[in-house]
Structure formats: C-alpha cells, structure tokens
Ligand code: GTP
C-alpha cells in the first residue's frame, strides 16, 4: 500500500458513448479478468442492463497497471450511468474520485449529458481527462469533436486522447495520461488520521446482507473494527473489507485513498445511507465529510396489482427492490377504481419503466401502472398549502386560491438546421419559454429554455429525437415552482368516475387533450354487451365525450354449444385476458387504457 501510486477516476459520458466497452478493454489490458470468464461485457451485469444496453448502477473496479516507466499503479475506475434519470448516481461516484475520464463518441460529438457531467466533475474539483472514442468508425469526426469539447467543456485539444474502446487503440495512452495528470489521493487525508470513509453506494445481497461501497479518505478500516455511521448514529462490527477486482475480493485493511467495500451485518439499506461518513466508533473523527443532496422523485404514478389478491406480493416486491434502489419511494394508496395499491415516486420515466419491468420479471407479478404525474402545490382559499402527488386528490376548483407546478431549465444541443422545429416543439406545443441560443463548435448550437416539468417528462424526448433525426440531446434541471392555470379533468366510463384516469392539465389545453383522450379510450376499451359512454369532466362540465358501441354477438354463440373443449378454452382465454383488465362497474378496462394519456399526440 502506497497511496502515491493510487489513482481514482470515474468515467463520465453521454449514454452509449462507450463507457462500459472502455471498462472492458481496461480490464483486458490489465489482465484483470480471465478471458474465458469474460462475458461480452462484464460490467453490465444486471440482466435488464444488458438487455437495454445501459448502465444503471455504478460499478467500481480496481486494476493494477504497470506504467511505461515500469512503476506499478493501483487504478480504481468507476463506471457511471449516462442516462438523465440516473445523474445522481454519477455525482456520487465523482465524490469518491480525484479524476474523471470524459468520453465523447466521435460519431456523435458532444451531447447534453457530456456537458452536465463535466460540470459535475468540475464542481467536485476533479482533474478531467478528455478522450474521443470510436475513432475506428468511418463516420468518426475527430476534428469537429475536438472543437466541440474545446468550446463546450473547455478542455484543451492537445491534451485529448483519441481512442477506440472497441479495438483497444489508444487505451494504454489513456491510462498513462491518468497516471500523469490525476493527482494521487494523498492530499485528501492520510492513513495516520482518524477513519473517514464516504458511503457512495450500497447494495443488498441475498447471502451477505448490505454491502457498503466506500471510498476511504483518511485512516484505515479492517475486520472486527467497530464502525460508526455518523449521520444515522448506528454502529456495527465489521465482518469483512475488500476491493472489486472486479469480483469482490477480501483484503486485510482498506486504507486512505482506496475504494472498496465493507460488510458489517447491516440489515436495512436505510441504515447505510449513501453520502454518510463512516468513522471508527472507538476513535471517531469529529467532522464528517460533506454529504450528498438527497435525491427526490420527479414523478409519481399509481402501481396496482393485476388482481387484488396480489397486493401483499406487490408490497413485498417493492420492499425487496428498495433494498437495491434507495431512490425508490412508495406509499400505500387506495383507488375507488383500482382498489389497494401504491403511489410510487420515480426519478424519471426510464426509472419507472425499469421498476415496472423488474417487478414483472423478478417477481412474476402483473401490475397496472397509471399515468405518471409531477408534484403540484395548491394554495387553498382557507390558507392551507397542499402537495398533490396524485391527480385525483386535486381539490375542486371552488376551494383553490392558486396552483403551482415545477419548472425546469432545459438545454438542448443540436445541429443548427433543427433549431426552428425544436423551438417550436418546446415553445408552441409544450408551453416552454425560449431564452437564447449559444454556439458550440462549427456545427452545434445550444438552445436554452424554461419549461414546465410536466411537459418534458412524457414524450418530449422522443419528439425531440424524431424532429432532429436523432441528433439532438437534452438535459434539464429543476428551478422551482411557478403559479400556473391548471385544471383537473375527470373521466367517467359508463357513468362511473375512474379516479385513476384523472389528470391535471393547463387550462389552455383542456379541451384538446380531453377530446383526444376520450377517443383513445374508445379504441382501447373492448366492446361489451351494452353501450358504454365515456365522458371527460372539467370544472363541473362535460367537455368531451365518446361512445363505445355494444357488441352484437356473444363469443360463446360461435361454438354452438357442441364443442365443449373449445368453449372451455375460450373461457380460459377470457379469464387470462381479464387478469390484465380491471372491472370498473360492469366495464372491463385493459391496462393500456390507464396509460392512454401517454400515447396521445
Ligand atoms: P451506457 O452505459 O448506456 O451509458 O452506455 P455506455 O456508454 O456504457 O456504452 P457502451 O459501452 O454500451 O457502448 C455503446 C455501443 O457503442 C456498443 O454497441 C459498443 O459496442 C459501441 N462501441 C463502444 N466503443 C466503441 C468503439 O470504440 N468503436 C466502435 N465501433 N463501437 C464502439
């Protein structure tokens, strides 16, 4: 152990620019994993991650590298997620490092997340190493990318390495540059000081309990030490310390400057709060490390079991998921239409989709998800201020003094030819306000807007991608609440109010959206034996309606009563189908209907 020869770096990049591939090359180059064991990509180990090809959790890795001058170094490299929903995971990893590799895809150029992540790294005082990736591709535009990095992120072109994470070209030059430029961890604390270790992540493991991912800033920690989590005030005896090599490998001591894990009989993930400082319970430090901002959910949606009897199973599934995903929040909720379920908070729609998929796959539960909503604030005439996470709780208009909705600062980076369409999208269609445009490189502009969060969480991203042929990228940040003329629309199906379909919308769009929604519902709800009226109410008036015509023939009539097995099969099939349907009064409503609002244009 010599901290002068340790380097801690995170890889930051826009989604798909090649972080995971680069990590794999580094593992190979440093002979850190047996080639026979090398799955296509070692690091994206969660099934869902591999399938979607995106990194969700950060994975730390320790490798040994012998420099060209013959000196041995220990490199700790943290892979970080690139998607906007997981930005908070990036900032956690950065706080554990002294340097960052900024990876930019030469075929895509600088994108919105590249810029955001660079600012995060700068805020953390990290030494940034620029690397242009995918230079093996014929469509790589290295010169232009150099210019963009220079303009947008301010890194000097001469110091940027050109690599191919795929072929390995330039990767050892990159490692040399890390050794040369990133400072060793020695300035931040010494092994002789009292223990100070940052919890930058935590994971639940079926067999070993909670595993705490930590960066030691000062002192040392070993098996049988008594450690204290300074924020939660809880102490535990350490049962194991180790490093990620890339699998977990036990070591004797984890000391100042190192990144690794601690296992200490911690039962609940809440007890190992990310951002907390660990110190020695017998010989504690008096000052904790600066922590992190708490992450708050951006959107809420209702999550209900496909069948009411699975409520308990759904609760258990959510509790299990929370062990690995501290950002997940949920509370029991009761909907007249859907029965008992949960109101779940998510960081964004990708996060929502991932949670839903995991529940269906890992726990084999059919679930109904309702349209997500942002958090509104309302000031009532009696002076009370309430928070609305569920549109059905939106008070009747006569009690409301004023309503407030969350606003964001939105930046879109795009080639200039798409500028007009994108401004139109944000400003005309989505209630945004265009502020100004700035230049970046020869062929990129940055558009700056302020816009309601509710307008960008649904289909904004897809529309932006479609309008810009996939070239534009976006990033947003909450800037606070603003007063807004919002109204609630309620949907009645067959004269019964379906609370799970209530939604909040800007007054100017109420008619248009109500119209589209009742039409969409008409397409999504199957015909029944009787006619079904669908009505949209707003401020006590019907503002749109449609009707589902009655079905003429009974399905069973087709079988003449002769073929019993066929009849049984049909009934079985209907039952199966019903599992995913909800009975509202006499009407069966399929799951898709509860997301109809997401699908209207
Ligand atoms: P997220 O984890 O989702 O943020 O993505 P990532 O940055 O980890 O990207 P990943 O490593 O999964 O790479 C995205 C795609 O680019 C994959 O199909 C890789 O095979 C490909 N790729 C990465 N680096 C290179 C490269 O140097 N050359 C070529 N030709 N393809 C590359």
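Miscellaneous remarks
- Test: residue 254 is closer than 26 Å to residue 209 by Cα and buried (at least 20 other Cβ atoms within 10 Å of the Cβ): yes
- Taken across the stretch 113-131, residues that are modelled with pLDDT of 90 or more, surrounded by fewer than 20 Cβ atoms within 10 Å (Cβ to Cβ) and within 14 Å of the ligand (Cβ to nearest atom) do not occur at all.
- Residue match in the stretch 582-597 (condition: modelled with pLDDT under 70, within 32 Å of the chain's Cα centre (by Cα) and over 26 Å from residue 484 (Cβ atoms)): yes
- Of residues in the stretch 432-471 being within 19 Å of residue 595 (Cβ to Cβ) and free of Cβ contacts under 8 Å to residues at least 24 places away in the same chain, the one surrounded by the fewest Cβ atoms within 10 Å (Cβ to Cβ): 462
Yes/no per residue for (1) more than 27 Å from residue 295 (Cβ to Cβ); (2) in contact (Cβ under 8 Å) with a residue 40 or more places away in the chain; (3) out of contact with any strand residue (DSSP E or B) (no Cβ under 9 Å at 6 or more places or on another chain):
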position	(1), (2), (3)
244	no, yes, no
252	yes, no, no
258	no, yes, no
267	no, yes, no
270	no, yes, yes
273	no, yes, no
282	yes, yes, no
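- Extreme residue, farthest from residue 96 (Cα to Cα), among residues of the stretch 176-194 that are buried (at least 17 other Cβ atoms within 10 Å of the Cβ) and either without any contact (Cβ under 8 Å) to a residue 12 or more places away in the chain or in contact with a helix residue (DSSP H, G or I) (Cβ under 7 Å, 6 or more places away or on another chain) (or both): 184
- The stretch 132-148 - residue that is within 10 Å of the ligand (Cβ to nearest atom) and touching a strand residue (DSSP E or B) at 6+ places or on another chain (Cβ under 6 Å) and, of those, nearest to residue 118 (Cα to Cα): 132
- Restricting the stretch 160-181 to residues that are part of a loop (DSSP other than H, G, I, E, B) and at negative phi leaves a set whose member that is farthest from the ligand (Cβ to nearest atom) is 160.
- Residue check, residue 197 in contact (Cβ under 8 Å) with a residue 60 or more places away in the chain and either part of a loop (DSSP other than H, G, I, E, B) or within 31 Å of the chain's Cα centre (by Cα) (or both): yes
- With respect to the conditions (1) away from the ligand (no atom under 16 Å from the Cβ); (2) in a loop (DSSP other than H, G, I, E, B); (3) closer than 28 Å to residue 122 by Cβ, residue 207 falls short on a single one, namely (3).
- Qualifying residue in the stretch 512-524 (condition: touching a strand residue (DSSP E or B) at 6+ places or on another chain (Cβ under 7 Å), under 22 Å from residue 378 (Cβ atoms) and either crowded, with 18+ Cβ neighbours inside 10 Å or in contact (Cβ under 8 Å) with a residue 60 or more places away in the chain (or both)): yes
- Within the stretch 329-348, the residues that satisfy the criterion of being surrounded by fewer than 19 Cβ atoms within 10 Å (Cβ to Cβ) and in contact with a strand residue (DSSP E or B) (Cβ under 7 Å, 6 or more places away or on another chain) are 329, 331, 332, 334, 339, 340.
Residues checked against (1) more than 8 Å from the ligand (Cβ to nearest atom); (2) buried (at least 20 other Cβ atoms within 10 Å of the Cβ); (3) modelled with pLDDT under 60:
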position: 13; (1), (2), (3): no, yes, no
position: 16; (1), (2), (3): no, no, no
position: 20; (1), (2), (3): no, yes, no
position: 26; (1), (2), (3): yes, yes, no
position: 37; (1), (2), (3): yes, no, yes
position: 41; (1), (2), (3): no, no, yes
position: 48; (1), (2), (3): yes, no, yes
position: 51; (1), (2), (3): yes, no, yes
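- Evaluated against (1) over 29 Å from residue 256 (Cβ atoms); (2) touching a strand residue (DSSP E or B) at 6+ places or on another chain (Cβ under 6 Å), residue 217 falls short on exactly one condition, (1).
- Qualifying residue in the stretch 384-399 (condition: farther than 30 Å from residue 341 by Cβ and at pLDDT 85 or above): no
- Count of the stretch 220-241 residues, restricted to those that are part of a loop (DSSP other than H, G, I, E, B) and either at pLDDT 90 or above or touching a strand residue (DSSP E or B) at 6+ places or on another chain (Cβ under 9 Å) (or both), is 8.
- Meets criteria (part of a loop (DSSP other than H, G, I, E, B), free of Cβ contacts under 8 Å to residues at least 60 places away in the same chain and in contact with a strand residue (DSSP E or B) (Cβ under 8 Å, 6 or more places away or on another chain)) for residue 322: no
- Test: residue in the stretch 64-84 that is within 16 Å of the ligand (Cβ to nearest atom), under 24 Å from residue 247 (Cβ atoms), at pLDDT 80 or above and under 18 Å from the mean Cα position of the chain (by Cα): yes
The values are calculated or read from the model by the stated rules, or taken from the named source; none is laboratory data. Predicted, not measured: the structure shown is a model, and the values here were computed from it. Here the Cβ is made from the backbone with ideal geometry for all residues, glycine too, and neighbour counts use every protein chain on show.
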